Amino acid sequence: MNANVSLRDFATPTWILIAVGLVAGGAVGLYEMFFGHLFATNSALVWTLPLVTYIFLALMSTGISLVLAYGLIMKDEAITRHTRPLLIMAIGILLGGFTALATELGSLLNMVWILLSPNPSSPIWWMGTLYSIELVLLFVKLVMDLRGRHGVFDLPLAWGTLVIAAAAAITIGAVFGTVIGRPDFHGAFLSVVTLVSALVSGAAAIVLLRPQSTLTEAAGRIFRQAALVFAALILTRVAYEAHSTVEGMLGWANIFMLVPFLVAAMLLSLAPRLLALVGILGVFWVQYSFIITGQLVSLGQMAHWYGAVQTYQPNIPEALILVLGIAVAAALIKLGEQFLIARRPAA
Amino acid sequence: MGYGMVIDQQLCVGCAACTIACKIENNTPVGFNWCDKITRTSGKFPNVRYEYISTMCNHCDNAPCVAACPTQAMYKDAGTGLTLHDTNKCIGCKACIVACPYGVISFNWQRPHQHWAQRDQLAEGCFSPREMLEESGGEGSPHGNPERGTTYPVVRPAGSVEKCTFCDHRLLEGLAPACVDACPSGARQFGDIDDPNSEVSRLVAKHGGKGLREELGTRPRVIYLRDYTPQRRFDPFRPAGEDQGA
Ligand code: SF4
Ligand code: SF4
């Protein structure tokens, strides 16, 4: 653990940006929890940008866990040498997602209650449970790493994380895929989308946030392959939606969604961090698109209140929840870097 | 034993008495209707067809909202077949709203019924709702039907969903749901639809009938009888004096 941290370490442009994000987003989050409703929602369009933020960050964290677990299982030194920073990233990003989820649920306690009154037929219950286990596993690994305890438990823990992380990502897709009355959601396809998008955004986050030649190469390889698979998935969906005659299906996929993945996968070596960011934005676009589009057709009597098909544009408070989630993740990652990763002693 | 409702489309006149009765009985907030409608216009002039389909929770046997709810806040009551909701367990995740294929669940984004307590007058010289209550010596919220509170909070909390309960508080007293009693044309009938000898089952046996979006496998407990056929009500080409009744 690094004790040589002074207040001056926080007087940096990054920390100032993080502080602004925490204050602005935190104010909206607290207002939403305790005083009134600010989001652009109604009874027919209930999951908007704050939930997209949670899913985006949770899946990105899952992707980082998957890459790390892969590295540990395959004994890929380029990855395992960065175990601690990757664990900090995965934990920070997941907690950033949980923060956005808490504002969406209106209370932190509601997140705990999920575990206390279980319904095993509910994908949301599984999602909550799996992500809780995932968080515990990540903390256990971090504590073991901090204490220098490596040995017989490393491999089982890596396998455990791999299975739980993959199951969690698939379950997020199932939250939407098990909805029978909304054709843009229904089916197993979204579970594949969430799993692959987790890998794309997680590997891209490693390239973006931890620029280090061998790690960038290892994570970049995974990113490129996952991005190409993701592009193929989107293409399949575009073709399906173009031919679909399913009543009530609007179609969330778009041929232009292929562009960020193809460009980033093919040109990654030219500008790894920039193109990793392009990949991350592409994943956000896809996730935002399917989550929102699936709810735009009003069902039954809701059509009288909100029109047969709604439109949605995030409002400023919702955008600030996205900022809050990212700011919490960034703050935790920076704190982890400053306190838990040993710095070189001053010359 | 399992409650169910039949709605005879040939008898329904589209007056929305059911909607209003439900609103009064259950204190639903502004912008929420537990009992509502779908309207459909089809055809080409002059052969235009307009349908009014009264809607509410279908108390599905295979309820997607119950399967989706992570905390069992939305549950099936084994004794009555009703789909009920426990506000104490509800975490406001809205999975039930997304899962319900009928759009009959509403979410309390804020504490409902908060405006009655304000002292603002709509126009100068008018009473505000609070002043009116004070003037008349009344107590509590003017929206609150205390009988509703025997099985479900009179005012549901912020951060919780709400939906039709088939007036379970009235069923306990041996009464029919408020919408059934309010229907002026007797289009709505209520009873034990699991009993083949009940009146509702006999009506279904006589006329046939179907639930909404049955193809989804939800097994709704609200069954619609007979499509509305306007000619049977009023056919301008029938000779004068001939019975125009249903
Ligand atoms: S109509 Fe909707 S709310 Fe009612 S039981 Fe069926 S799925 Fe649940
Ligand atoms: S909003 Fe409440 S009732 Fe609906 S699924 Fe979530 S916890 Fe269950």
Cα-based reach from B:K37 at 18 Å (exclusive), listing aspartates and glutamates while leaving out same-chain residues under 8 positions away: B:D8, B:E25, B:E51, B:E162, B:D181, B:E214, B:D227
Per-residue HN-Hα couplings for segment B:194-207, Karplus 6.51 cos²θ - 1.76 cosθ + 1.60 at θ = phi - 60°, whole Hz, x for Gly and Pro? 7, 9, x, 9, 6, 4, 5, 5, 5, 5, 5, 5, 6, 9
With +1 assigned to the C-beta of every Lys and Arg and -1 to the C-beta of every Asp and Glu, and no other charges, what is the dipole magnitude of the protein assembly as shown about the Cα centre in debye, to the nearest 20? 1780
What nm distance separates the two modelled labels at A:M74 and A:L17, each placed 7 Å from Cα along Cα→Cβ? 3.1
Subset of B:K94/B:K210; A:K75/B:K94; A:K334/B:K94; B:K163/B:K210; B:K23/B:K89 violating a 32 Å alpha-carbon distance limit: A:K75/B:K94; A:K334/B:K94
In whole angstrom, and with the biggest value first, how far do the Cα coordinates of the protein assembly as shown range along each principal axis? 106, 60, 47
Assuming R0 = 35 Å, what is the FRET efficiency of A:A319 and B:D86, from their Cβ-Cβ distance, to the nearest 0.05? 0.55
So who's got an amide H within less than 5 Å of the one on B:M5, skipping anything under 5 residues away but keeping other chains? H placed 1.01 Å off N, in plane. B:V222, B:I223
Note: A vs B interface, total accessible area buried (1.4 Å probe; ligands, DNA, RNA excluded), nearest 100 Å², is 2900
Charges only on Cβ, +1 for Lys and Arg, -1 for Asp and Glu: so what's the dipole of chain A about the Cα centre, in debye to the nearest 20? 900
Probe radius 1.4 Å, ligands and nucleic acids ignored: give me the carbon and sulfur share of the accessible area of the protein assembly as shown as a rounded percent. 63
Under a crude label model (7 Å from the Cα following the beta-carbon direction), how far is B:E51 from A:F339 in nanometres? 6.2
What longest range of chain B stays clear of loop-exposed GluC sites (Glu not before Pro) (DSSP non-H/G/I/E/B, at most 15 other C-beta within 10 angstrom)? B:1-123
If amide H atoms are modeled at 1.01 Å from N in the peptide plane, then the residues at a separation of 5 or more from B:M74, or on another chain, having amide H under 5 Å from its own are B:D86
Could you tell me the relative contact order of chain A? Use alpha-carbon pairs under 8 Å, at least six residues apart, and round to a whole percent. 31
Can you list residues from other chains, or at least 5 along the same chain, whose modelled amide H is less than 5 Å from the amide H of B:D36? B:T55, B:M56
Going by a 1.4 Å probe on protein heavy atoms, which residues of segment A:298-329 end up with at least 30 Å² less accessible surface in the whole assembly than in their chain alone? A:L299, A:G300, A:Q301, A:M302, A:H304, A:W305
Return the average number of partner chain Cβ atoms within 10 angstrom of each residue Cβ along peptide A:122-130. 5
Relative contact order of chain B: what whole-number percent is it, with Cα pairs under 8 angstrom and at least 6 residues apart? 31
From the phi of every residue in segment A:224-234, what ³J(HN,Hα) in whole Hz does the Karplus formula 6.51 cos²θ - 1.76 cosθ + 1.60 yield, where θ is phi - 60° and glycine or proline is x? 4, 5, 5, 5, 5, 4, 5, 4, 5, 4, 5
Do any chymotrypsin sites (Phe, Trp or Tyr not before Pro) in segment A:1-92 lie in a DSSP loop with no more than 11 other beta carbon atoms within 10 Å, and if so, which? A:F35
Sorted by accessible area (1.4 Å probe), largest first, how do B:W109, A:W159 line up? A:W159, B:W109
A:R221-B:D77 FRET efficiency (beta carbon distance; Förster radius 60 Å; 0.05 resolution): 0.60
Of A:I326, A:I292, A:I124, which has the largest mean-square fluctuation in a 10 Å C-alpha GNM of chain A? A:I124
Report the label-to-label distance for B:K210 and A:L109 in nanometres (one decimal), using points 7 Å from each Cα along the Cα→Cβ vector. 4.7
Provide the solvent-accessible area of A:K75, counting protein heavy atoms only and rolling a 1.4 Å probe, rounded to the nearest 10 Å². 140
For segment A:166-173, what does the Karplus curve 6.51 cos²θ - 1.76 cosθ + 1.60, with θ = phi - 60°, yield as ³J(HN,Hα) per residue in whole Hz, taken in order and with x for Gly and Pro? 5, 5, 5, 5, 5, 5, 4, x
With +1 on each Lys and Arg Cβ and -1 on each Asp and Glu Cβ, and nothing else charged, work out how big the dipole of chain B is about its Cα centre, in Debye to the nearest 20. 860
Leaving out ligands and nucleic acids, and using a 1.4 Å probe, what accessible area per residue does chain A come to in Å²? 43
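The values are calculated or read from the model by the stated rules, or taken from the named source; none is laboratory data. For clarity, every value in this text was computed on a predicted model and none was experimentally measured. When we count neighbours, we look across all protein chains shown, and the Cβ atoms used for this are built from the backbone with ideal geometry, even at glycine. The area values use the complete protein model at the heavy-atom level, side chains included, leaving out ligands, DNA and RNA. Shrake-Rupley method; radii C 1.70, N 1.55, O 1.52, S 1.80 Å.
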